[in-house]
1. Is the shape of the range 138-244 best called rounded, prolate or oblate, per the rule: a/c under 1.5 gives rounded, else a/b larger than b/c gives prolate, else oblate, with a ≥ b ≥ c the square roots of the Cα gyration tensor eigenvalues?
2. For K82, give me every one of the lysines with a C-alpha distance below 26 angstrom, ignoring sequence neighbours fewer than eight places off in its own chain.
3. What is the helix-to-structure angle for 48-58, meaning the angle in degrees between its Cα long axis and the longest Cα principal axis of the chain, kept from 0 to 90 and rounded to the nearest 10?
4. Taking the Cα atoms of the range 222-307, report the difference between the largest and smallest coordinate on each principal axis, in whole Å and largest first.
5. Taking H as built 1.01 Å from N, whose amide H comes closer than 5 Å to the amide H of T63, not counting residues under 5 places away?
6. Which of rounded, prolate, oblate describes the range 1-147, given a ≥ b ≥ c as roots of the alpha-carbon gyration tensor eigenvalues and a/c under 1.5 marking rounded, otherwise prolate only if a/b is larger than b/c?
7. Charges only on Cβ, +1 for Lys and Arg, -1 for Asp and Glu: so what's the dipole of the range 18-61 about the Cα centre, in debye to the nearest 20?
8. Output the 0 to 90 degree angle, nearest 10, between the alpha-carbon long axis of helix 227-246 and the longest principal axis computed from the alpha carbons of the chain.
Amino acid sequence: MGEIVVSVAISCYNFEAYIEECITSILSQQTQFNFEIIVVDDASTDRSSSIIQKYADNNPIITFIKQSKNQGSDSTKQLACKLAKGKYIAFLDGDDVALPGKLQSQYDYLEANPDCSCCYHDVNLIDKNSESLGTTFFSRFYNRDYIPEKATMEHLVQYGTFLAASSQMFVKDAFKINLLPANIKYIQDFYYHIHTSSKGTIGRINKVLGAYRQHSESYSGLNAKSNQRRLQCLHDILAACDYALTLGCDETIVSKGKMHYHYAAALYFAKKGEHELFSKLIQQSSDGKYFFDLKHKSIYELAQQNITLALEYIHSNIFSNSKQEH
């Protein structure tokens, strides 16, 4: 088969409705280089493994690993990356889809931009039936105007994760095994992005080359079901910011980033009607001097007077229609 240049790592757990579409979307990629597919099934209890096995039996470029016991998504990703032979690794969750040209476009970009340790593209948002939701991940990212084509660790810390997990291709040497602390539960990719960005810039390809599926059992769907899970997500993000500090990120930027994430979580709980959580988080969202934007400043100052006033502003047309400005 020749030298493997790109390894596609696919993580699967109970994706029997989606894994076939994911695998075939990679098998149909037209490239000028050799690539392999590594699928790790995390002890699925549905038909996922039999579907994967069918494709592995008929396609020598597929390596299939079925874990005997459920280890969690980080374990599946690490195992796939350990086995990867390529110079570059493209990662997909087993419920997502690659569009034509994805692998070649990302390979070409990384080859032409050796300063980049990772590149990404935009993805369409689709539902459980693969129907379009009429928007894309990056166009919905609320801080997209602050993200340059080549972004750094500082952009991640200040503005959040601007790349969908299944849109990334990264240099294998920029991946670190056993990176995550045990208390990182849900927002794992952000920690990895922080580490990768310490090895080079993160480049954006301004094309839609994949599809990200939103459904009740996706990460975003599960997060919406539980306040405790959303608070754990905040913890995970803050821990990644602290990790960025150890990698040389400026202390002021890390502090501002952490206040921003408290503000974002406060808004989330305000819109859910969780007023006690909103009150606690909005107080933690600023030192009284720094504010992420003018909306943040208004909400924080109103909350100092009366929480009800702050909540009324958040639910007003003035808040929803005003531009996000610093």
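The values are calculated or read from the model by the stated rules, or taken from the named source; none is laboratory data. The structure displayed is predicted, hence computed values, not measured ones. Here Cβ is always computed from backbone atoms with ideal geometry, including for glycine, and neighbour counts include all displayed protein chains. For the accessible areas, the whole protein counts, side chains as well, though only heavy atoms, and no ligand, DNA or RNA atoms are used. Shrake-Rupley method; radii C 1.70, N 1.55, O 1.52, S 1.80 Å.
1. Judged from the Cα gyration tensor, the range 138-244 comes out oblate (a/c at least 1.5, b/c at or above a/b).
2. Reachable lysines: K54, K66, K69, K102, K172, K176, K185, K199.
3. 40
4. Projected onto its principal axes, the Cα set of the range 222-307 covers 38, 33, 16 Å.
5. I37, I38, V39
6. Since a/c reaches 1.5 but b/c is at least a/b, the shape of the range 1-147 is classed as oblate.
7. 120
8. Between the helix axis and the principal axis of the chain, the angle is about 80 degrees.
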